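The values are calculated or read from the model by the stated rules, or taken from the named source; none is laboratory data. The structure presented is a predicted model; accordingly, all values stated were derived computationally and were not measured. Cβ placement follows ideal geometry from the backbone for every residue including glycine, while neighbour counts extend to all protein chains displayed.
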């Protein structure tokens, strides 16, 4: 009879509270946070930080110590990347459980951020101006471009090269010098020197460049096109 009454009590509890758990307080306290969820939070923070139109991001999480026993977090995990953090191939992202008595775990990540950057289509010389015909876009992992990169022609407008750039090289801010002394279409003064004699004529630049750059110039009087070198703003020296 006692056994029947005990069974009735248990069934009554299940009927009144269908979702009731038979887990003990000790079992609830021992619930642990999935390490996969911690890694996922870190990866999502990185994706959001570097997300840009046209970008492609690849992330591989480093291994966490499988012996970690993190208490189950009842709040959404919080992972943040510093606002001024530069794209890096290796980084560590802190993931925090924001509840009282919570925890923080640092997750190591390997990151690749692919963006379209400008690459030289041919060898370019120091002092040359850069036109759309001189470069093309290629997708590169910018985390490995320690010297920076150029993404569009607007960043080059009016600038010349501070040093030579090999074909296939990524253009970086460091390769750019000052504004060009001569631009295509400018009216320039052509100077020809021979045996101590100097002759000047008006011309039209067919190319752009900074001091020392070679370009083609058309003599306005004769219509003849000659090779010349930029020597000052609006002045070129005819080459033999």
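Of the strands (runs of 3 or more DSSP E) lying entirely inside the range 150-240, those containing at least 2 residues that are surrounded by fewer than 18 Cβ atoms within 10 Å (Cβ to Cβ) are 176-179, 187-194, 197-205, 214-219, 225-232, 235-238.
Per-residue answers, yes or no, for (1) modelled with pLDDT of 95 or more; (2) assigned to a loop (DSSP other than H, G, I, E, B); (3) out of contact with any helix residue (DSSP H, G or I) (no Cβ under 8 Å at 6 or more places or on another chain); (4) in the same structural domain as residue 152 (by TED's automatic domain parsing):
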{"position": "82", "(1), (2), (3), (4)": "no, yes, yes, no"}
{"position": "85", "(1), (2), (3), (4)": "no, yes, no, no"}
{"position": "91", "(1), (2), (3), (4)": "no, no, no, no"}
{"position": "95", "(1), (2), (3), (4)": "yes, no, no, no"}
{"position": "101", "(1), (2), (3), (4)": "no, yes, yes, no"}
{"position": "133", "(1), (2), (3), (4)": "no, no, yes, yes"}
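Restricting 141, 154 to those that are closer than 20 Å to residue 115 by Cβ, out of contact with any strand residue (DSSP E or B) (no Cβ under 9 Å at 6 or more places or on another chain) and not assigned by TED's automatic domain parsing to the domain that holds residue 233 reduces the list to 154.
This table checks each residue for (1) out of contact with any helix residue (DSSP H, G or I) (no Cβ under 7 Å at 6 or more places or on another chain); (2) surrounded by 17 or more Cβ atoms within 10 Å (Cβ to Cβ); (3) under 25 Å from residue 165 (Cα atoms); (4) touching a residue at least 40 places away in the same chain (Cβ under 8 Å).
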{"position": "76", "(1), (2), (3), (4)": "yes, no, no, no"}
{"position": "106", "(1), (2), (3), (4)": "yes, no, no, no"}
{"position": "119", "(1), (2), (3), (4)": "yes, yes, yes, yes"}
{"position": "124", "(1), (2), (3), (4)": "no, yes, yes, yes"}
